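Only one structure is covered here, and it is reproduced in the block below.
Please treat every number below as a calculation from the coordinates, not as lab data. Keep in mind the model is a prediction, meaning the values are calculated, not measured. Backbone-built Cβ (ideal geometry, glycine too); neighbour counts: all protein chains shown.
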Amino acid sequence: MSELRTSANQPIVDVRNLEVTFVSRDSTVNAVNGVNFTLQPGEVLCILGESGSGKSVTLRALMRLLPRQAQISGCVTVGGKDVLSLTERKLADLRGSEIAMIFQEPAVSFDPIYTVGRQITESIRRHENVSGAEAQQRALDLFERVQIPSPERRLRAFSHELSGGMRQRAMIALALACQPSVLLADEPTTALDATVQIQILLLLRELQRELGMAVIFVTHDVGVAVEIADRIAVMYAGRFVEIGPTKKIINSPQHPYTKGLLSSTVNSSSRGKRLKAIPGSPPDMTQLPIGCAFGPRCDHVHPACRAQVPAETQLAGVDDYMVRCLLADGPLELT
Amino acid sequence: MSTSPLDPRQQATVDVVQVAVQSRGYWATVLGRILYDKVTMICGLILLLIILSTVFADWITFTDPYKANMLKRLKPIGTPGYPLGGDEMGRDMLTRLLYGGRLSLFMGIAPVVLALGIGGLLGLTAGFLGGRINMLIMRIMDVFYAFPSVLLAVAISGALGAGIFNAIVSLTLVFIPPITRVTESVTTQIRNLDYIEAARASGAGTFAIIRVHVLSNVLGPVFIYATSLISVCIILASGLSFLGLGTEPPEPEWGLMLNTLRQSIYVNPEVATLPGLMIFITSLTFNLLSDGLRSAMDIRYVRGTS
C-alpha cells in the first residue's frame, strides 16, 4: 500500500472505456457506456447525475461488486492491479484493504445479529494478521476517529441500537478499518437528515485529508458535490458528459445537461422565480438513442448530434477538462 | 423529556446510558426475554416435564407396560395401583402413557431434525446460488408439495411398509419440502440485503459470507419454523400409528393407543381420551414455545413499545 501512495504521478484509479450491461432474457440494459477517468492519490472525485444514470454501477464496477448477470468490459486498474481480470480470491483480498466502500443505507449495511464492533474487528483480522485484542484496539481508535461518543459502549452495540448518523459513522469506521487508498462512497448522506448530512460530509472530508485517501463520491445533490469534491464528473445515460475541476464546472459549465442541472438547483436568489427544469425525461437505458443521449432534451440540438455519440473533447485552454458535446469548443457554433 | 430542555451534549449522554443498558450478547438478550415471557416459560416447563418423565419412565413407574391383566380391563381413573386407569388389555395407563411418550416424541422430533438438515441445506443452496439450481431444487420440491402432507406420509409409509424406521423416513420426506421452501425464501431475502454486499465489499469470501452472515441469519427463522413443525409431526406420526403404518402393537405409542382404545370410548371415555390429550398438550406446548422463541429471537422487536 505504502509504495502506491509515494508514486505521486501514477494514478491510483485508472478506468478506460468501462462498459457495463445487464443481460437478462427479455432485455439488455446498457447501464454504463464508455466511462474514462483517472484518479490521483488523495483526490476527491464526485460523480453527479440523476437516478438511473449509472453512477452506482460505475462505482460498483470498480470493485466488481455487481450481480452475475452484469457484463463488464473495458479496463479498470486500482492501485496497479487489473480489477477485471483478478481471481475471486485476489479480488477479495483487494476489497476492504485497498479499496473500500460506504453504502447509502447504513440501517441495512450491518448484520443485525452481530455487534458493530465485532464486524469491524472481523474485517481487520480478515486482511491483517493481528491478534483479537489488537483488532479491538484498532476498532476503538477508529470509532474515536469518526467521533462516536463513548466508543467502547458503541462497539458493543447492535446496529439497530444506533441512530442513523451514528450508523453511518460506524460504516465509515468499517470502511477505513484497513486504511484503504481508495474510498468509494455511494450516496452516503442521502438517507440522513440535513443536519447529520453536513456532519458526515465534514467528517469525510477531514478524514480524507488526514489519511490522504482518494475518494470517489456518488451523489445527485449538487450542493454535496461542491462541498466535498476536487473534481466533478457529470454523468448522463451511462457516460461522463463533462468532467473537470469543481470550480470550473460550477462557474462555467459547458455541456447543456450540466447547465440545466445547475440552473435547476434552488438558492436564495431564486426566491419568487419559477424553478427551471430540464424538459423531457432520461432515456430508456435498454434503447439508447443513436448519437448524443441528451439530444432529445437539448435546446441546442443540431443534426450532427444525432449522427454519432460526441467524442470526449479536451477543452482548449483548460487543464484536465473533458466535455462530450459538439457545441462546446467543437466544430459547431451555438445555434 | 418533560423537564427543562437539555442541551444536546447532555442528551447524548442520556442516550448513551440507555443504549449501554440494553447491549448484551445476542443469546443473553434472547434468554432474558424468554425469562420474562410467562406463557413461553410455562410451556417450556410442561414440555420439559413431559420429556423428562418419558425419558426416565423406567425409574418413575413400577409396572411393566406390556403386562396385561384381564381383571383390570378399562378400570376408571383412580383405581388403586392404576392411577390413570387400565387400558383395554388391563395394562396400566400411566406406565403406558409414559413409555409411549418416548416413541411419540422421538417420531415427532427425529423426522423434523433430519428434514431440517436436508431441507435446510437444499434451501440454502437454492437460495444462495439462485438461477438454474434454484429452479431445479424448488421445482422438485413443488412436486412433493402437490400432495397433501397426510396423504403423502400415508402413501410413502404404505409403500415402504409398517415400522418405526419407515414411518420416520416417510415423515422426513414430508417435511423436507416446506423446510426447503422456507429456508430458500429467507436466504434469498437475506442474500439481497446490503450487509451481504457490505461484507463482500470488505473482502469476505463467498464461503465466509454464507457461514457467518447468511447461515446465522437464516438459522433463527428456520429453526423456529421447524419447532412449529414438531407438533404437526407428532400428530402425523400418531396418525400413521393409528392407521397401523407406524408402530405396531403391543408397542406403546400415543397414536396407536388412541386407536386401540377407540372401541372403548363409550365404556370408559376418560381413559380412552388420555393418549389424545397427551398428543394435544404436547403439540400445543411445542407450538406456543416456538411462538415465544420467535418473538424472543427477533431482537429488533421490542415488546411493549409501539
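So which residue, out of A:G238, A:G49, A:G74, gets the largest mean-square fluctuation from a GNM of chain A using Cα contacts under 10 Å as springs?
Highest fluctuation of the listed residues: A:G74.
Which of rounded, prolate, oblate describes the range A:71-206, given a ≥ b ≥ c as roots of the alpha-carbon gyration tensor eigenvalues and a/c under 1.5 marking rounded, otherwise prolate only if a/b is larger than b/c?
Details: a/c = 1.97, a/b = 1.32, b/c = 1.49.
Oblate, since a/c reaches 1.5 and b/c is not below a/b.
Per DSSP H run of n ≥ 4, the term is -39500 (n - 2.57); total these for chain B, divide by its residue number, and report the mean residue ellipticity at 222 nm rounded to 500 deg cm²/dmol. All intermediate terms of the calculation are to be shown ahead of the outcome.
On the way: 12 runs with 212 residues, N = 306.
My calculation for chain B gives -23500 deg cm²/dmol from helical runs alone.
In the Gaussian network model of chain A, springs joining C-alpha atoms below 10 Å, which of A:A185, A:A107, A:A277 carries the largest mean-square fluctuation?
Of A:A185, A:A107, A:A277, the Gaussian network model singles out A:A277 as fluctuating most.
Please give the helix B:93-129 orientation as an angle from the longest Cα principal axis of chain B, in degrees from 0 to 90, rounded to the nearest 10.
Its long axis makes an angle of about 30 degrees.
In whole Å, what is the distance between the alpha-carbon centres of the range A:127-144 and the range B:155-225?
One Cα centre to the other: 34 Å.
Please rank A:V130, A:V215, fewest neighbouring Cβ atoms within 10 Å first, as an exposure proxy.
Numbers: A:V130 14, A:V215 24.
Ordered from fewest to most neighbouring Cβ atoms within 10 Å, A:V130, A:V215 come out as A:V130, A:V215.
Give the residue list of trypsin sites (Lys or Arg not before Pro) in the range A:29-79 that are DSSP loop and have at most 12 other beta-carbon atoms within 10 angstrom. List each step's numbers first, then the result.
Details: sites: A:K55, A:R60, A:R64, A:R68; in loops: A:R64, A:R68.
For trypsin sites (Lys or Arg not before Pro) across the range A:29-79 that sit outside H, G, I, E and B with at most 12 neighbouring Cβ atoms in 10 Å, the list reads A:R68.
If contacts are Cα pairs under 8 angstrom and at least 6 residues apart, what is the relative contact order of the range B:174-306 in percent? Write out the running numbers ahead of the final one.
On the way: 93 pairs, mean separation 29.9, N = 133.
Contact order relative to length: 22 percent.
When B:S185, A:S264 are ordered from fewest to most other Cβ atoms inside 10 Å of their Cβ, what list results?
On the way: B:S185 17, A:S264 13.
Least crowded to most crowded, the residues run A:S264, B:S185.
Would you kindly state the longest site-free stretch of chain B, with sites defined as trypsin sites (Lys or Arg not before Pro) in a DSSP loop (not H, G, I, E, B) surrounded by at most 10 other Cβ atoms within 10 Å? Don't skip to the answer; put the middle values down first.
Numbers: sites that count: B:R300, B:R303.
The longest such stretch corresponds to B:1-299.
Given a 10 angstrom Cα cut-off, can you work out which residue in B:F242, B:F56, B:F106 is the most mobile in a GNM of chain B?
B:F56
Relative contact order for the range A:13-148: what percent, with Cα pairs under 8 Å and sequence separation of 6 or more? Mind showing how you got there, number by number?
Details: 146 pairs, mean separation 27.9, N = 136.
Relative contact order for the range A:13-148 comes out at 20 percent.
For the range A:227-266, which chymotrypsin sites (Phe, Trp or Tyr not before Pro) are in a loop by DSSP, counting at most 14 other Cβ atoms within 10 Å?
Values: sites: A:Y236, A:F240, A:Y257; in loops: none.
Here no chymotrypsin sites (Phe, Trp or Tyr not before Pro) fit, given the DSSP loop and packing criteria.
If you count the DSSP beta bridges with both ends in the protein assembly as shown, what percent of them are antiparallel, to the nearest 5?
Percent antiparallel among DSSP bridges in the protein assembly as shown is about 65.
How high is the relative contact order of the range A:107-179? Use alpha-carbon pairs under 8 Å, at least six apart in sequence, and give a whole percent. Provide the component values of the computation, followed by the final result.
Values: 86 pairs, mean separation 32.6, N = 73.
For the range A:107-179, the relative contact order is 45 percent.
Distance check, please: which entries in A:K247/A:K276; A:K55/A:K273; A:K81/A:K247 exceed 24 angstrom between their Cα atoms? Let's see the in-between values first.
On the way: A:K247/A:K276 22 Å; A:K55/A:K273 31 Å; A:K81/A:K247 32 Å.
The pairs that break the limit, which is 24 Å between Cα atoms, are A:K55/A:K273; A:K81/A:K247.
Based only on other Cβ atoms within 10 Å, what is the fewest-to-most ordering of B:L136, A:L142, B:L293?
B:L136, B:L293, A:L142
If amide hydrogens are placed 1.01 Å from N in the peptide plane, which non-local residues have theirs closer than 5 Å to the one on B:L84?
B:G78, B:M93, B:L94
Under 5 Å between amide hydrogens, which residues at least 5 positions from A:T313 or on another chain qualify, with H placed 1.01 Å from N in the peptide plane?
Counting only residues 5 or more places away or on other chains, the set is A:V323, A:R324, A:C325.
Please give every one of the lysines within straight-line cross-link reach of B:K67, meaning a C-alpha to C-alpha distance under 25 Å, and leave out same-chain neighbours fewer than 8 residues apart.
B:K75
Where does chain A land at 222 nm, in deg cm²/dmol rounded to the nearest 500, when only DSSP H runs of n ≥ 4 count, each adding -39500 (n - 2.57), divided by all residues?
Roughly -9000 deg cm²/dmol at 222 nm, from the helical runs in chain A.
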